[in-house]
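Q: Attaching a single structure in structure tokens format; questions to follow.
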Amino acid sequence: MSATTVMLAAFGVTVVGRWAHGTNTVTPKGVVQGVFAVLVIAALDSGDTQAIARGFAWLFLAAALLSDNSPLTALSKVKG
């Protein structure tokens with residue numbers, strides 16, 4: 001899986017997590033930050049820097065999944 005795909009997944013997880021917690025899902029600042037991060041990783045996702053881009057992309061995805069606004073923490077608060 002390419003680093004750009006992983007970054008897009010991390011951006012999607014962030015948006016879904018914010019929606020699941022009832023906060024502003026899409027803000028101009030968040031969109032600019034997300035697009036910039038995806039573009040930087042996409043630029044690094046070729047040649048000698050591909051391994052570095054993959055590492056950073058997986059770190060971003062892990063941070064998005066483990067943050068306070070992740071969909072996983074929203075699921076843990078659901079009472080069945």
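Q: Are there any pairs with C-beta distances below 8 angstrom linking a residue in the range 1-24 that is touching a residue at least 40 places away in the same chain (Cβ under 8 Å) to a residue that is of a type in the set (Val, Ile, Thr) and surrounded by fewer than 18 Cβ atoms within 10 Å (Cβ to Cβ), with the two at least 6 apart or on different chains, and if so which?
A: Every condition considered, the pairs that remain are GLY17/THR73; ARG18/THR25; HIS21/THR73.
Q: How many residues does the range 28-43 contain that are charged (D, E, K, R) and under 12 Å from THR5 (Cα atoms)?
A: Pass one, the range 28-43, residues charged (D, E, K, R): 29.
With under 12 Å from THR5 (Cα atoms) added as a condition, the list becomes none.
Summing the residues that are charged (D, E, K, R) and under 12 Å from THR5 (Cα atoms) in the range 28-43 gives 0.
Q: Which residues, counting only those in the range 28-54, are surrounded by 12 or more Cβ atoms within 10 Å (Cβ to Cβ) and not hydrophobic (A, V, I, L, M, F, W, C)?
A: Listed by number, the residues that qualify are GLY30, GLN33, GLY34, ASP45, SER46, THR49, GLN50, ARG54.
Q: Kindly check whether there is at least one residue in the range 44-67 that is closer than 15 Å to MET7 by Cα and of a type in the set (Lys, Arg).
A: Within the range 44-67 (the criterion being closer than 15 Å to MET7 by Cα and of a type in the set (Lys, Arg)), the answer is yes, since at least one residue qualifies.
Q: Note down all Cβ pairs under 8 Å where the first residue falls in the range 48-73 and is of a type in the set (Lys, Arg), the second is surrounded by 14 or more Cβ atoms within 10 Å (Cβ to Cβ) and assigned to a helix (DSSP H, G or I), and they're at least six residues apart or on different chains.
A: Every condition considered, the pairs that remain are ARG54/ALA3; ARG54/VAL6.
Throughout, read-outs are computed from the coordinates displayed, never taken from laboratory work. Keep in mind that this is a model prediction, so the values were computed, not measured. Cβ sites come from the backbone with ideal geometry, for glycine too, and all protein chains shown count toward neighbours.
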